[in-house]
Amino acid sequence: MGAGLSGLVAARSLATHDHHEVIVFDKGRSVGGRLATRRIGAATFDHGAQFFTVRGDALAAQVAIWRAAGVVDVWCDGFDQRSDGHPRYVAPRGMSSIAKDVAAGLDVRCGHLVFGVRRGPGGAGWEVVIDDGSVHPADAVVVTCPLPQTFSLLFEAGVELPVELFRDDYDRTIGLLAVLDRPGAVPDPGGVQADRLAGSPWSFIGDNHAKGVSDVPAITFHASPDWSESHWDHDADEVQSMLLEAARPWLGQAEVVESQVKRWRFATPRSPWPDPCWIDATGTLVLAGDAFRGPKIEGAFDSGLAAAQALT
Ligand SMILES: Cc1cc2nc3c(=O)[nH]c(=O)nc-3n(C[C@H](O)[C@H](O)[C@H](O)COP(=O)(O)OP(=O)(O)OC[C@H]3O[C@@H](n4cnc5c(N)ncnc54)[C@H](O)[C@@H]3O)c2cc1C
């Protein structure tokens, strides 16, 4: 359950290598979760993950395939004119296109909010209950929602979860998406990281035009976890005005022609679980996602693979 990267990678691995019949449910309108791309007029924004790096062999092998297919490309190997030798990868058609690539050919049902997971009749297998009232029997279930959502889904499942899993909280992110009338003043290669943003609300600024994602000037501004938390309940218009003001130094001569604010309540897990996934005593319920491997695309990817391996 969950058509973010971890759920899709688990589903693809189970369907392709192990020939299981797999259904992926997601409450969202399309696949990707925090691999999210949004259009405003002619502008295109990555408004969740901005880029990714690769450390392990599993994602490196997949990236070679994605590069050959034109799904991902190298953006740069560092910001602020400092190369650290690690390529930053982006998706020229937007980060959600990575999820779409993994989802191709799978039975993915978006717009399906899962209400709960419970044991099947007589305690055999599982039942997945959807908000339209339908109940789907399953031999095994992989749950990849952010953990607080996972706990409420498993309320009726009678599963004993490690108490430490409950303690993990998530940082929040408030983002500003700004369409400009001309290129802004974000320096090459079009990204600014937290170390250059001290004293401002921002933790990352990404120029979607410079990344090759947007045809027209379009900048994603992400506020830091502290700023996002302290302004979470503020009036929406007030937050937008504050963020537009804070964006000014990065606009140069450009004017903002349109803007939107985007909030991520469960942006990044604070203390990722050390194992790549969690498996219940029956070996048929697996919790996975970036809360298990680290709050990054590679963490979600590795956790999804580990979930599939746990079921084979
Ligand atoms: C603002 C932001 C910036 C980031 N920047 C970067 C970056 O630059 N580089 C990087 O590597 N990583 C970045 N990340 C982290 C990265 O996006 C995540 O680690 C990764 O995408 C998580 O994937 P996932 O599959 O674990 O979870 P998700 O993508 O959150 O997928 C979970 C899915 O479960 C679905 N779901 C939840 N509840 C239900 C329910 N009840 N029923 C049905 N479906 C449900 C959701 O709709 C969602 O699609 C960023 C994240 C955010 C929010």
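Each value in this text was obtained by applying a stated rule to the coordinates, not by laboratory testing. Here the structure is a predicted model, which means the values were calculated and not measured. Cβ placement follows ideal geometry from the backbone for every residue including glycine, while neighbour counts extend to all protein chains displayed.
Give the range of the longest stretch in the chain that excludes all GluC sites (Glu not before Pro) found in loop regions by DSSP and having at most 12 other beta-carbon atoms within 10 Å. After excluding every exposed loop site, the longest remaining stretch is 22-159.
With a ≥ b ≥ c the root eigenvalues of the C-alpha gyration tensor of region 1-114, is it rounded (a/c under 1.5), prolate (a/b larger than b/c) or oblate? It is oblate, given that a/c is not under 1.5 and a/b is not larger than b/c.
Could you work out which residue, out of Gly212, Gly28, Gly158, moves most in a Gaussian network model of the chain, that is, has the largest mean-square fluctuation with Cα springs under 10 Å? Top of the fluctuation ranking is Gly158.
Of the trypsin sites (Lys or Arg not before Pro) found in region 59-116, those that fall in a DSSP loop while having at most 11 other beta-carbon atoms within 10 Å are Arg82.
Rounded to the nearest 20, the Cβ-based charge dipole of region 173-262 about its Cα centre (Lys and Arg +1, Asp and Glu -1) stands at 340 debye.
So which helices of the chain fit the span-like rule, where a helix is a whole DSSP H run, its Cα atoms reach 18 Å or more along the axis, and its mean Kyte-Doolittle is at least 0.0?
Details: long enough: 297-310 (20 Å, 0.57).
Passing helices, by number: 297-310.
What distance in nm lies between label points placed 7 Å from Cα along the C-beta direction at Thr312 and Thr282? Distance between the two pseudo-spin positions: 2.3 nm. Using R₀ = 30 Å, calculate the FRET efficiency as 1/(1 + (r/R₀)^6) where r is the Cβ-Cβ separation of Thr16 and Gln193; round to 0.05. Using R0 = 30 Å, I get an efficiency of 0.25.
Classify the chain as rounded, prolate or oblate from the Cα gyration tensor: take a ≥ b ≥ c as the square roots of its eigenvalues, call it rounded if a/c is under 1.5, otherwise prolate when a/b beats b/c and oblate if not.
On the way: a/c = 2.01, a/b = 1.66, b/c = 1.21.
Because a/c hits 1.5 or more and a/b exceeds b/c, the chain counts as prolate.
Note on region 87-109 and region 6-61: Cα centroid distance 5 Å, given to the nearest whole angstrom. The local environment of Thr220, defined by Cβ-Cβ distances under 10 Å, has a net charge of +1 under the rule Lys, Arg +1 and Asp, Glu -1.
Please give me, ordered by residue number, the chymotrypsin sites (Phe, Trp or Tyr not before Pro) of region 165-257 that lie in loop per DSSP and have at most 15 other Cβ atoms within 10 Å. Numbers along the way, then the final one.
Values: sites: Phe166, Tyr170, Trp202, Phe204, Phe221, Trp227, Trp232, Trp250; in loops: Trp232.
Those that pass, being in a loop and sparsely packed, are Trp232.
Projecting the Cα positions of Gly7, Ser214, Val143 onto the charge dipole of the chain (unit charges on Cβ atoms of Lys, Arg, Asp and Glu, taken about the Cα centre) puts Ser214 furthest along the positive direction.
How much length is gained if the chain between Phe151 and Glu238 is pulled fully straight, taking 0.36 nm per residue apart and subtracting their Cα-Cα distance, in nm to one decimal? Display every interim value, and only then the final one.
On the way: separation 87, 0.36 × 87 = 31.32 nm, distance 3.33 nm.
Separation in residues times 0.36 nm, less the Cα-Cα distance, equals 28.0 nm.
Seen from every direction in turn and averaged, the convex hull around the alpha carbons of region 170-269 projects onto 6.2 nm². Taking the Cα centre of the chain as reference, the dipole from Cβ charges on Lys and Arg (+1) and Asp and Glu (-1) amounts to some 480 debye.
Residue separation of Ser83 and Val257 scaled by 0.36 nm, minus their Cα-Cα distance, works out to 59.3 nm of gained length.
Within straight-line reach of Lys100, meaning a Cα separation under 17 Å, sit the following lysines at least 8 residues removed in sequence or on another chain: Lys27.
Within the P(r) computed for region 172-220, what percentage of the Cα pairs occupies the region above 13 Å?
On the way: 653 of 1176 pairs.
Counting every Cα pair in region 172-220, those more than 13 Å apart make up 56 percent.
Which of the three applies to region 85-173, rounded, prolate or oblate, going by the alpha-carbon gyration tensor with a ≥ b ≥ c and a/c under 1.5 meaning rounded? The partial results should precede the final answer.
Details: a/c = 2.46, a/b = 1.47, b/c = 1.68.
Cα axes put region 85-173 in the oblate bin.
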